[in-house]
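The values are calculated or read from the model by the stated rules, or taken from the named source; none is laboratory data. Note that the structure is a prediction, hence the values are computed from the model and not measured. FYI the Cβ positions are ideal-geometry reconstructions off the backbone, even for glycines, and counts take in every protein chain you see.
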Amino acid sequence: MENFYKDMEGLTFRGMESGTLELSKNQKDYLGELTVSEQDWNSLSTEKQSNLINALNSRMDELSETTAIRKEDIISHELPSWLATEVRQLEKTDFLKQVKELDEEIKKMPCEKEGAKVILDGIINPERYFDAKERIIALVKDPYDSEGTDLGGWSLPESLNAKESLAEQSSNGLPTFRPLVAIANQINDNKTYSEIKPDLMSKEAYDTYKSCSGHINVGKELILDSTYSSEKRTAKLAIENRDIIEKQIKIYDPTVVIGGGTLHHFVEDKGENFSILGEIIPKENFREFGRTKVYFNENRVFIDTYHPSRRPITMKDEAYCDQIADIVKKWRNNTL
């Protein structure tokens with residue numbers, strides 16, 4: 001907790017004047033003014049709250065003071081910038097730990113084919129994704145093996161993160177990943193497809209995609225001898241894997257979920273609301289743009305559309321990508 005102490009100079013605890021906390025002159029001189037809003041405090045996990053109080057009390061011990069610091073003495077009006085940074089780092093550490101634990105859980109999932117292992121899905125670069133302006137998850141059907149010889153056991157995020165540009169992507173994968181790279185750049189740079197198209201194959205464009213994106217496969221095992229997963233199979237896997245997929249959404253906490261021919265399997269009608277993988281969406285927050293259906297609240301926008309590589313032949317990359325980017329832009333601007 002060493003970093004908690006570095007900017008403590010000049011901070012004061014609420015309650016000093018009201019008498020709810022008696023601080024000695026040394027404490028007052030050292031601490032100055034510290035305020036944390038109740039909303040910010042309540043947003044922390046119990047463990048993080050405990051860590052903060054323990055860190056502050058440890059500092060008091062160093063000063064040979066005996067007055068204990070309590071939650072009530074910390075809560076006030078706003079979170080100081082130094083403390084916001086520390087809280088953010090605690091949250092990031094917790095996030096990376098949860099992602100790692102979830103990866104291990106997914107790896108242990110059973111497979112249908114004898115000797116087969118799960119293809120790990122998830123966030124391409126969790127460290128960078130956590131700090132991304134928009135967190136984008138593509139919810140697609142399942143991985144495939146065109147030759148029927150791959151038994152799995154490898155990681156999609158590691159494979160994608162190892163590449164430097166779309167030029168390194170296989171010809172089979174390019175129709176899926178080219179639109180997703182475009183969408184990531186359009187959303188982050190607020191540009192149209194035609195504006196980013198000249199640089200789409202560049203290292204910079206791919207780096208932007210890697211920094212904010214992830215993939216969740218409804219099926220975690222390779223499809224054998226086919227690039228196409230039937231609707232019947234996807235429906236079955238959506239039921240079987242719903243709990244782990246809901247857990248992925250909860251931990252990854254994306255702002256944008258692009259359902260590539262999959263999201264309708266997870267939309268539940270709950271009367272006045274929809275429920276989608278643990279997220280409650282009021283029915284007034286439903287929009288329909290042709291085949292594309294959109295569900296949103298202030299935290300997240302779910303876009304139920306075609307798979308990036310399986311669209312009507314008349315729907316080119318530009319129309320597909322521009323529609324999704326425009327939906328996200330309007331959602332962010334509260335004009336959807």
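Annotations for the structure displayed:
- Residue in region 156-170 that is surrounded by the fewest Cβ atoms within 10 Å (Cβ to Cβ), counting only those that are among the charged types (D, E, K, R) and touching a Phe, Trp or Tyr at 6+ places or on another chain (Cβ under 8 Å): Glu164
- Condition check for Asn299: touching a residue at least 40 places away in the same chain (Cβ under 8 Å), surrounded by fewer than 14 Cβ atoms within 10 Å (Cβ to Cβ) and part of a loop (DSSP other than H, G, I, E, B): yes
- Residue tally, condition crowded, with 18+ Cβ neighbours inside 10 Å and in contact with a helix residue (DSSP H, G or I) (Cβ under 8 Å, 6 or more places away or on another chain), over region 274-292: 4
- Selection of region 240-276 for residues being in a helix (DSSP H, G or I) and within 30 Å of Thr93 (Cβ to Cβ) yields Arg242, Asp243, Ile244, Ile245, Glu246, Lys247, Gln248, Ile249, Lys250, Ile251, Tyr252.
Residues checked against (1) within 17 Å of the chain's Cα centre (by Cα); (2) closer than 20 Å to Lys220 by Cα; (3) assigned by TED's automatic domain parsing to the domain that holds Gly214; (4) touching a residue at least 24 places away in the same chain (Cβ under 8 Å):
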residue	(1), (2), (3), (4)
Gly115	no, yes, yes, yes
Glu127	yes, no, yes, yes
Ala132	yes, no, yes, yes
Ile137	yes, yes, yes, yes
Lys163	no, no, yes, yes
Ser171	no, no, yes, no
Arg178	no, no, yes, yes
Ile183	yes, no, yes, yes
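- No other residue among Thr192, Thr305 is closer than 24 Å to Glu318 by Cα, touching a residue at least 60 places away in the same chain (Cβ under 8 Å) and among the β-branched types (Val, Ile, Thr) apart from Thr192.
- Residue within region 277-285 that is in the same structural domain as Asp142 (by TED's automatic domain parsing), in contact with a strand residue (DSSP E or B) (Cβ under 6 Å, 6 or more places away or on another chain) and in a loop (DSSP other than H, G, I, E, B) present: no
- Only a single item in (1) modelled with pLDDT under 95; (2) over 18 Å from the mean Cα position of the chain (by Cα) is not met by Gly278, and it is number (2).
- The helices (runs of 4 or more DSSP H) falling completely within region 106-214 that include 1 or more residues that are among the aromatic types (Phe, Trp, Tyr) and in contact with a strand residue (DSSP E or B) (Cβ under 6 Å, 6 or more places away or on another chain) map to 126-130.
- Answer residue from region 294-333, given it is of a type in the set (D, E, K, R) and farther than 26 Å from Pro143 by Cβ and is nearest to the chain's Cα centre (by Cα) among those: Glu298
- Of the residues making up region 123-130, one or more are within 25 Å of Phe302 (Cα to Cα) and either at pLDDT below 90 or polar (S, T, N, Q) (or both).
- Lone unmet requirement of (1) modelled with pLDDT of 90 or more; (2) in contact with a Pro (Cβ under 9 Å, 6 or more places away or on another chain) for Ala162: (2)
- Unmet requirement for Met109, which otherwise passes all of (1) closer than 27 Å to Glu231 by Cβ; (2) crowded, with 17+ Cβ neighbours inside 10 Å; (3) at pLDDT 90 or above: (2)
- Filter result for Gly259 (at pLDDT 95 or above, crowded, with 21+ Cβ neighbours inside 10 Å and farther than 20 Å from Ser155 by Cβ): yes
- Considering (1) out of contact with any Pro (no Cβ under 7 Å at 6 or more places or on another chain); (2) assigned by TED's automatic domain parsing to the domain that holds Thr234, the lone condition that Glu105 does not fulfil carries the number (2).
- Residue within region 195-205 that is within 20 Å of Val328 (Cβ to Cβ), in contact with a His (Cβ under 6 Å, 6 or more places away or on another chain) and modelled with pLDDT of 90 or more present: no
- Scope region 303-321; condition among the basic types (Lys, Arg) and loosely packed, with under 14 Cβ neighbours inside 10 Å; matching residues: Lys316
- Some residue of region 57-71 being modelled with pLDDT under 95 and crowded, with 19+ Cβ neighbours inside 10 Å: yes
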